[in-house]
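> Please see the structure below; I have some questions.
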Amino acid sequence: MLQRIQRLIKNPQPSRQEMAWGLRLSYSAAFLLQPLCAGLFGGVLLLIAAPQAAASALMSQMLIALALLQLPVALAMAHRLGRSGGKGALIAASIVLGVLLATPAWLALFAWLIGSAPRYLVILLSLLSLYYALGLAIAKLLVRLARSEEPADSHQPL
């Protein structure tokens, strides 16, 4: 997995397919590490203390609202980073996108720890799954964004 990203970094003119694979892999690695860390952290917390009996519905709804607000923030940051130029910026954009879109994993952990109703946990985990799929599609769009901003005469020799 890391070999593809290393090839992308080392190649001065990567093909569109190499860019797409590299961005998807960097996005996936950044995204999937967040739920893994949240799960490990939740396991450690479970050993220390048990989840609370019941949280207020308002608190659970606020966690869902926070998860929903992460999508426009992540899109804006990825777009801004992706437009800053270069394949390094695109890799950074895909990593930032992965970290920000994985926020519902941490919010679901918090909801579970405060004793939210199962329906709120299901909503947060559903958002997490939806954000993963959206992020893969956005990583593909980042490649298009990079290709559309190349100057027209950049491929012609002097």
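Each value in this text was obtained by applying a stated rule to the coordinates, not by laboratory testing. Only a predicted model underlies this, so the values are computations on that prediction, with no experimental measurement involved. Neighbour counts are summed over all protein chains in view; Cβ atoms, including those assigned to glycine, are modelled from backbone coordinates with ideal geometry.
> For Arg24, are the conditions met, namely being closer than 22 Å to Gln3 by Cα and of a type outside the set (A, V, I, L, M)?
yes
> Hey, could you check the range 14-68 for residues that are under 20 Å from Ala117 (Cα atoms) and hydroxyl-bearing (Ser, Thr, Tyr) and say which is nearest to the chain's Cα centre (by Cα)?
Ser60
> Is the range 24-36 home to any residue that is touching a residue at least 40 places away in the same chain (Cβ under 8 Å), more than 16 Å from Ser129 (Cα to Cα) and among the basic types (Lys, Arg)?
No.
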